[in-house]
Amino acid sequence: MAMIEVQYGKDVLRRDSAYEPGMTSVLFVDMQRIWCEPNLDPTHPQDAASYYHRRLRDTVVPNQVRILNAARKAGCNVLHTIIESLTLDGRDRSLDHKLSDMHVPKGSPEGQVIDALKPIDNEIILPKTSSGVFNSTNIDYVLRNLYTRYLIIAGVVTDQCVDMAVRDAADRGYLVTVVEDACATYSQERHEAALRAYSGYCWTTNTETVVRRLTALGQA
């Protein structure tokens, strides 16, 4: 798809426009123990040898660590969204999560962000009870208060919660970057199909490119 330029006030913007200081945020989607450690997810049981967990271990988590470190050094805002109920019994969950038997009780150890990406002081954690972070959190309000224009997204799963974050962010006026080698779903075919399906809502690139841009941002 050809990159189209749009005049936006004084700026000329493209989906792949260079990130700007003070206007760039990184969102990690659902990088929690329950979804990222083998055999903890009761709805999608996956052992350590599965495609999904091999991709997480060998590619996605190492790439996300690189992105996280670069974002922190560049002074970008870092946000983590997690699936977690506001209650212990999950009565506040969406109907879809109830029908899907998806419940991460408030404060449960399995719901915590994995150690490799553990949030530090002043990083934002947004618990959600739907696939779309824009539907069950105040992330749009938060991002606007942070003066975010460029939103870099990585996480799981590519064709579900990542998909929702990408489309909803684009519809709300953010310039979205999807880091394709920092996302995973349950097969390579599903991963590639998802990236094709929402390619019109974002700029899809790789970890190397994002880290290089974030590094340059920190030196600006």
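Okay, here's what the table says:
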item	result
Exposed-site-free run, longest, the chain (rule: trypsin sites (Lys or Arg not before Pro); DSSP loop; at most 11 other C-beta within 10 Å)	92-220
In order through segment 78-95: 3J(HN,Hα) via Karplus (6.51 cos²θ - 1.76 cosθ + 1.60), integer Hz, x for Gly, Pro	10, 10, 10, 9, 10, 7, 7, 6, 7, 10, 6, 8, x, 5, 8, 5, 5, 4
Counted charge near A74, where neighbours are those whose Cβ lies closer than 13 Å (Asp, Glu -1; Lys, Arg +1)	+4
Cα centroid separation, segment 119-176 to segment 26-69 (Å)	18 Å
Rounded D (µm²/s) - the chain, Kirkwood Rh over Cα pairs, Stokes-Einstein at 37 °C, 0.692 mPa s	187 µm²/s
Long-range HN-HN contacts of D181 with modeled amide H, under 5 Å	T207
Selected from A169, A116, A182 as most flexible by GNM, with the chain as the system and alpha-carbon contacts under 10 Å	A116
GNM top mover of T59, T207, T87 - the chain, alpha-carbon springs below 10 Å	T87
Separation in nanometres of the label points that stand 7 Å from Cα toward Cβ, at E192 and V6	3.0 nm
Amide H within-cut-off set for T158, under 5 Å, with H built and near neighbours excluded	A184, T185
Residue-by-residue Karplus 3J(HN,Hα) for segment 137-154, coefficients 6.51, -1.76, 1.60, Hz, glycine and proline x	9, 9, 4, 5, 4, 5, 4, 5, 5, 8, 6, 6, 10, 10, 10, 9, 10, 8
Proximal charge balance of N39 [Cβ under 15 Å; K/R count +1, D/E count -1]	-1
Count of Lys pairs (Cα-Cα under 19 Å; at least 8 positions apart or interchain) in the chain	6
In Hz, Karplus ³J(HN,Hα) per residue of segment 29-42 (6.51, -1.76, 1.60; θ = phi - 60°; x = Gly, Pro)	9, 6, 7, 10, 4, 4, 9, 10, 10, x, 6, 9, 7, x
Point-charge dipole on Cβ atoms (K/R +1, D/E -1) for the chain, about Cα centre, debye to 20	520 debye
Residue (of G111, I124, Y19) at the positive-pole extreme of the chain, dipole from beta-carbon charges	Y19
Surface share of carbon and sulfur [accessible, 1.4 angstrom probe, percent] for the chain	51 percent
Cα-centre dipole for segment 141-220 with unit charges at Cβ (Lys and Arg positive, Asp and Glu negative), debye to 20	400 debye
Three principal axis lengths of segment 143-213 [C-alpha, angstrom, descending]	36, 27, 18
Cβ-based net charge around D16, under 11 Å, with every Lys or Arg adding one and every Asp or Glu removing one	+2
Rough spin-label spacing in nm, given labels placed 7 Å along Cα→Cβ, for L146 and Y51	3.2 nm
Label point 7 Å beyond Cα of M23 along Cβ direction - residues of segment 149-182 with amide nitrogen under 15 Å	149-152, 173-177
Highest-fluctuation residue, Q64, Q160, Q112 considered, GNM on the chain with Cα pairs under 10 Å	Q160
Amide H contacts of V78 (H built 1.01 Å from N, under 5 Å, at least 5 apart or other chain)	V26, I124
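The values are calculated or read from the model by the stated rules, or taken from the named source; none is laboratory data. Computed from a predicted structure; not experimentally measured. Please note: Cβ atoms are built from the backbone with ideal geometry, for glycine as well, and neighbour counts cover all protein chains shown. For the accessible areas, the whole protein counts, side chains as well, though only heavy atoms, and no ligand, DNA or RNA atoms are used. Shrake-Rupley method; radii C 1.70, N 1.55, O 1.52, S 1.80 Å.
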